[in-house]
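S.K.: Sharing a structure below in structure tokens format, with a few things to ask.
The values are calculated or read from the model by the stated rules, or taken from the named source; none is laboratory data. What you are looking at is a predicted structure, and each value in this text was computed from that prediction instead of being measured. Here the Cβ is made from the backbone with ideal geometry for all residues, glycine too, and neighbour counts use every protein chain on show.
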There are 2 protein chains.
Amino acid sequence: MADCIPDPGYAKKIAGQSRNAAQQLPSLTGSQKNAWLEQVAALLLERQDSILQANQLDLIAGENSGLSPAMLDRLRLCQQRIESLAAAVRQICALPDPVGEVISGGRRPNGLQVNRVRVPLGVVFFIFESRPNVTIDAAALCIKSGNSVILRGGREALHSNLALGEILQEALRTEGLPEHAVQLVEFPDRALVGEFLSCGDLIDVTIPRGGKSLIERVCREATMPVIRHYDGICHVFIDESADVQMAKEIVVNSKCQRPGVCNAAESLLIHRAALDRVWPEVAVALQHHKVELRCCQDSLALAPGAVAATAEDYSTEHLALILNVKVVDSLEQAVQHIREFGSAHTDAIVTQSFAAAEAFETLVDSSAVVVNASTRFNDGGELGLGAEIGISTDRFHARGPCGLQELTTYKYVLRGTGQTRG
Amino acid sequence: MADCIPDPGYAKKIAGQSRNAAQQLPSLTGSQKNAWLEQVAALLLERQDSILQANQLDLIAGENSGLSPAMLDRLRLCQQRIESLAAAVRQICALPDPVGEVISGGRRPNGLQVNRVRVPLGVVFFIFESRPNVTIDAAALCIKSGNSVILRGGREALHSNLALGEILQEALRTEGLPEHAVQLVEFPDRALVGEFLSCGDLIDVTIPRGGKSLIERVCREATMPVIRHYDGICHVFIDESADVQMAKEIVVNSKCQRPGVCNAAESLLIHRAALDRVWPEVAVALQHHKVELRCCQDSLALAPGAVAATAEDYSTEHLALILNVKVVDSLEQAVQHIREFGSAHTDAIVTQSFAAAEAFETLVDSSAVVVNASTRFNDGGELGLGAEIGISTDRFHARGPCGLQELTTYKYVLRGTGQTRG
């Protein structure tokens, strides 16, 4: 199927079906949506064998086409991963229904009751790469928030996604939900993505998750809003008054706990007044964790084995055990560096000073500003949002982790007794 | 000045200055912003003569270039209008500061305090047409919400806007606010707008207020998010159980109280079961207010003096004393008509039935869904938002009236005691 070319009008047809489904979804009760989620979780466990068989086809094709071991690992499903997937769906099921929430409300002087009520965004077009677990997460989040979703996964995971898509759709039929509430794009054709991106009248938002070039292309071509998910060039700033032990633990955790993700630290800034007291010990701890240190002149002198940073390092998302280090003269200089080189994703300060914490919180404008904790906490699960469909680096509509709420909008509901305007 | 051509790089320079100002604005206290607003209000009253002189130049030029009487009226300032402007600024002053509001917050199981805190969007590029009062409203809303703003008004109002812009900037200097927090584009050149729209790295949002072709052009060219403000094709649906008197008052008010605005009704839908009982009386009341009725066959028969509607009427924003009328067989058919012909702006039902009100509220997905009140209440002031910078017909980020909150985004502030991720 992957190599067929779809009929002209395929994208428009799929998007139109999705729009029709989206008109029915806001009327569903939370119980109906939860029944679907429970059914998906049950089918995932029941159909493990056929999912794994389909995944095997992708893995063989991936090996033959020379995918890296890391890519193959992202692609691979196994019993444990399928069990985690089912558990994640049940966690989403346990979250409160966002649709119908009264965000704010009250009575106007003329007696008119005005409520701002949460409603679904509508139709979500979700573009993602090789991890098949994302297919299930995204569908679960979209349906729970009352949106219909068009899933366009990567070519590498096509067989796995088709098997998972079949489960999602079977559960729609079993539970009597609109049959086109979840649709999978069966043709991993790049031109076809462009056709979907031109359907601005049928699709309410596109969420691309993948490399920078994919996201740039989507932003360029999309005729509907896009939730972007760009680089995380995250900083830890060790302030003058930082506790050495705390600084060490936070820097090591921010850099090393999972270096390949967007909320891992890429740069360390150190207040000059803390340099001698804190830096040597932090440097040793980082090197103990096999981190390559790319240092400015002043920090280099105190870290045997470190190398000199280049100008580009400070604006590079290494996604590896590499850390840029720079000494600054003040908190203001740290803030200035973060504004210049950061990506407004996640930035942390380690400090014992109340005033420094307050200043950093106010002056740094990132999706998460962290005081005395690891940058790794900027994550939907860790912040209490439940699962996330991505982490937005936009300021508009959704910032940081996108969970159920970020997949909604609102409408005003006005209830009167015949009020007219004078 | 209007006929000079700006230096190349003018838009980028202005946008860069605005970005710098935007970095300083979040640190201002509410009192500092309010002092600026008070100063603006005071200067408006103090400088009435010079404002009126500048306005006179625009009015003379407008008459010479053949502006319609309606356009000239929109352009005209007078003592009373300037006093209203100053009063509007003081009303914005009295609103709570949105910046720093903790939207939600709590402590995570690991002790981490997670707050979602409201912050400004950043740099607003605001494009508007001939009404000079909008200049003051927009600047006041942007500064109060911590944003810097680039104001690009219409050519017709250039002298008035320059006089008002001088007041805005003098107040910035007097109160020690960043000098580029409010900037006025002094060249009403269309190509220049395109240069601003290409500054997606410096401008956070563009808000165009004006005709459809302006908004379409902005959406096509903008490299940043846009808050759109399209048509209002608003409906009133008279349900089977509607009270005749209430129906009459609501329909007349929705259509006639101010026919030229986006939340005025354009179409009336009548449940067939209420036709004989309600329609003749409503029709007479509308005709008494000089409304031209464009009717379907069934409603035409009961309204002497009405004319037959054409197919296009139902999707036309008349903005005049013209009302389309159509009989429907059920609430569902009314909803279907609204979905097909409406613009998801403002739609109202008149009903005595609890079940019908609930169904209408759920099934109609417009920025405002109104039960037993006039469509004219979908307005920032009427809904309690204070002033508005526009009414969004988008679903994304901001829906309906855009006040102070809609000019903000949020960041997560995490406060810990050394937490790391396991």
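S.K.: Residues being of a type in the set (Gly, Ala, Ser) and within 25 Å of the chain's Cα centre (by Cα): count how many of those fall in the range B:307-352.
M.R.: Step one: of the range B:307-352, the residues of a type in the set (Gly, Ala, Ser) are B:308-309, B:311, B:315, B:320, B:330, B:334, B:342-344, B:348.
Of the ones still in play, those that are also within 25 Å of the chain's Cα centre (by Cα) are B:315, B:320, B:342-344, B:348.
Total meeting the criteria: 6.
S.K.: Also, I was wondering about something else. Inspect the range A:413-420 for any residue being buried (at least 20 other Cβ atoms within 10 Å of the Cβ), among the aliphatic types (A, V, I, L, M), more than 7 Å from chain B (Cβ to nearest Cβ) and out of contact with any Asp or Glu (no Cβ under 8 Å at 6 or more places or on another chain) and give the result as yes or no.
M.R.: No.
S.K.: Which condition number does residue A:56 fail, the rest of (1) part of a helix (DSSP H, G or I); (2) of a type outside the set (Val, Ile, Thr); (3) exposed (fewer than 14 other Cβ atoms within 10 Å of the Cβ) being met?
M.R.: Every listed condition holds for residue A:56 apart from (3).
Okay, residues lined up against (1) under 16 Å from residue B:20 (Cα atoms); (2) among the acidic types (Asp, Glu); (3) away from every other protein chain (no Cβ under 14 Å):
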{"site": "B:103", "(1), (2), (3)": "no, no, no"}
{"site": "B:108", "(1), (2), (3)": "no, no, no"}
{"site": "B:117", "(1), (2), (3)": "no, no, no"}
{"site": "B:137", "(1), (2), (3)": "no, yes, yes"}
{"site": "B:141", "(1), (2), (3)": "no, no, yes"}
{"site": "B:153", "(1), (2), (3)": "no, no, yes"}
{"site": "B:161", "(1), (2), (3)": "no, no, yes"}
{"site": "B:183", "(1), (2), (3)": "yes, no, yes"}
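S.K.: Quick check on the range B:77-89. Is at least one of its residues within 28 Å of residue A:397 (Cα to Cα), out of contact with any Cys (no Cβ under 8 Å at 6 or more places or on another chain) and not hydrophobic (A, V, I, L, M, F, W, C)?
M.R.: Within the range B:77-89, the first condition is being within 28 Å of residue A:397 (Cα to Cα), and the residues that meet it are B:88-89.
In the following step, the residues that additionally are out of contact with any Cys (no Cβ under 8 Å at 6 or more places or on another chain) were identified as B:88-89.
Now narrow it down to the ones that are not hydrophobic (A, V, I, L, M, F, W, C): none.
No, the conditions are met nowhere in the range B:77-89.
S.K.: Yes or no: residue A:20 within 14 Å of another protein chain (Cβ to nearest Cβ), of a type outside the set (Val, Ile, Thr) and either assigned to a helix (DSSP H, G or I) or touching a strand residue (DSSP E or B) at 6+ places or on another chain (Cβ under 9 Å) (or both)?
M.R.: Numbers: within 14 Å of another protein chain (Cβ to nearest Cβ): yes; of a type outside the set (Val, Ile, Thr): yes; either assigned to a helix (DSSP H, G or I) or touching a strand residue (DSSP E or B) at 6+ places or on another chain (Cβ under 9 Å) (or both): yes.
The answer is yes for residue A:20.
S.K.: Can you work out which of the residues in the range B:367-391 that are facing chain A (nearest Cβ under 7 Å) and of a type in the set (Ser, Thr, Tyr) is nearest to residue A:249 (Cα to Cα)?
M.R.: Only one residue tops the list, namely B:367.
S.K.: Can I ask one more? Would you mind stating whether residue B:245 is within 14 Å of another protein chain (Cβ to nearest Cβ), more than 22 Å from residue B:324 (Cβ to Cβ) and surrounded by fewer than 21 Cβ atoms within 10 Å (Cβ to Cβ)? First the steps, then the outcome.
M.R.: Working: within 14 Å of another protein chain (Cβ to nearest Cβ): yes; more than 22 Å from residue B:324 (Cβ to Cβ): yes; surrounded by fewer than 21 Cβ atoms within 10 Å (Cβ to Cβ): yes.
So residue B:245 passes the test.
S.K.: Here's something else I'd like to know. May I ask you to say which residue of A:24, A:48 is in the same structural domain as residue A:152 (by TED's automatic domain parsing), buried (at least 16 other Cβ atoms within 10 Å of the Cβ) and not hydrophobic (A, V, I, L, M, F, W, C)?
M.R.: Working: A:24 fails: buried (at least 16 other Cβ atoms within 10 Å of the Cβ).
On inspection, the qualifying residue turns out to be A:48.
S.K.: Anything in the range B:378-410 that is modelled with pLDDT of 95 or more and over 25 Å from residue A:122 (Cα atoms)? List them, or say none.
M.R.: B:404
S.K.: If you take the residues of the range A:248-299 that are more than 32 Å from the chain's Cα centre (by Cα) and of a type in the set (D, E, K, R), which of them is surrounded by the fewest Cβ atoms within 10 Å (Cβ to Cβ)?
M.R.: The extreme case among them is A:276.
S.K.: Here's another thing I want to ask about it. Residues in the range A:94-114 that are under 24 Å from the mean Cα position of the chain (by Cα), surrounded by 15 or more Cβ atoms within 10 Å (Cβ to Cβ) and more than 17 Å from residue A:408 (Cα to Cα): how many?
M.R.: Within the range A:94-114, residues that are under 24 Å from the mean Cα position of the chain (by Cα), surrounded by 15 or more Cβ atoms within 10 Å (Cβ to Cβ) and more than 17 Å from residue A:408 (Cα to Cα) number 0.
S.K.: Let me ask something else. Taking the range B:134-175, which residues are under 28 Å from residue B:73 (Cα atoms), of a type in the set (S, T, N, Q) and crowded, with 24+ Cβ neighbours inside 10 Å?
M.R.: B:135, B:160, B:161
S.K.: Going by the structure shown, is residue B:131 among the basic types (Lys, Arg), crowded, with 18+ Cβ neighbours inside 10 Å, away from chain A (no Cβ under 14 Å) and under 25 Å from the mean Cα position of the chain (by Cα)? Outline the logic, then answer.
M.R.: Details: among the basic types (Lys, Arg): yes; crowded, with 18+ Cβ neighbours inside 10 Å: yes; away from chain A (no Cβ under 14 Å): yes; under 25 Å from the mean Cα position of the chain (by Cα): yes.
So residue B:131 passes the test.
S.K.: Separate question: From the set of residues in the range A:391-422 that are of a type in the set (Ser, Thr, Tyr) and in a loop (DSSP other than H, G, I, E, B), which is farthest from residue A:109 (Cα to Cα)?
M.R.: Kept after step one, since they are of a type in the set (Ser, Thr, Tyr), are these residues of the range A:391-422: A:392-393, A:408-410, A:412, A:417, A:420.
From what's left, in a loop (DSSP other than H, G, I, E, B): A:393, A:420.
Details: A:393: 40, A:420: 13 Å.
This residue is A:393.
S.K.: Suppose we filter the range A:210-225 for residues that are in contact with a helix residue (DSSP H, G or I) (Cβ under 7 Å, 6 or more places away or on another chain) and either in contact (Cβ under 8 Å) with a residue 40 or more places away in the chain or more than 12 Å from chain B (Cβ to nearest Cβ) (or both); how many remain?
M.R.: 2
S.K.: Only one of (1) at the interface with another protein chain (Cβ under 8 Å from one of its Cβ atoms); (2) under 23 Å from residue B:273 (Cβ atoms); (3) touching a residue at least 60 places away in the same chain (Cβ under 8 Å) is not met by residue B:394, so which one is it?
M.R.: The number of the failed condition is (2).
S.K.: Then there is this: Being assigned by TED's automatic domain parsing to the domain that holds residue A:60, crowded, with 20+ Cβ neighbours inside 10 Å, at pLDDT below 95 and within 24 Å of residue A:9 (Cα to Cα): is that true of residue A:225 here? Let's see the steps before the verdict.
M.R.: Values: assigned by TED's automatic domain parsing to the domain that holds residue A:60: yes; crowded, with 20+ Cβ neighbours inside 10 Å: yes; at pLDDT below 95: yes; within 24 Å of residue A:9 (Cα to Cα): yes.
Here the answer is yes, as residue A:225 does meet what is asked.
S.K.: Right, something else. State the number of residues belonging to the range A:342-355 that are of a type outside the set (Ser, Thr, Tyr) and touching a strand residue (DSSP E or B) at 6+ places or on another chain (Cβ under 7 Å).
M.R.: Applying the first criterion (of a type outside the set (Ser, Thr, Tyr)) to the range A:342-355 yields A:342, A:344-345, A:347-350, A:352, A:354-355.
Subsequent filtering for residues that are touching a strand residue (DSSP E or B) at 6+ places or on another chain (Cβ under 7 Å) retains A:342, A:345, A:347-350.
Number of matching residues: 6.
S.K.: Right, something else. So which residues in the range B:1-21 are surrounded by 22 or more Cβ atoms within 10 Å (Cβ to Cβ) and over 18 Å from residue B:168 (Cα atoms)?
M.R.: If the condition is that a residue be surrounded by 22 or more Cβ atoms within 10 Å (Cβ to Cβ) and over 18 Å from residue B:168 (Cα atoms), then B:11 is the only one that fits.
S.K.: Name every residue in the range A:347-366 that is crowded, with 21+ Cβ neighbours inside 10 Å and more than 9 Å from chain B (Cβ to nearest Cβ), in order of residue number.
M.R.: Passing the criteria: A:347, A:349, A:351, A:356, A:360.
S.K.: Restricting attention to the range B:334-361, which residues are polar (S, T, N, Q), at pLDDT 95 or above and touching an Asp or Glu at 6+ places or on another chain (Cβ under 9 Å)?
M.R.: Selection gives B:351, B:352, B:353.
S.K.: (1) buried (at least 16 other Cβ atoms within 10 Å of the Cβ); (2) farther than 30 Å from residue B:374 by Cα: which one isn't true of residue A:117, the others all being true?
M.R.: Checking residue A:117 against (1) buried (at least 16 other Cβ atoms within 10 Å of the Cβ); (2) farther than 30 Å from residue B:374 by Cα, the one that fails is (2).
S.K.: Scan (1) touching a residue at least 60 places away in the same chain (Cβ under 8 Å); (2) part of a helix (DSSP H, G or I); (3) not charged (D, E, K, R) for the single condition residue A:269 breaks and write down its number.
M.R.: (2)
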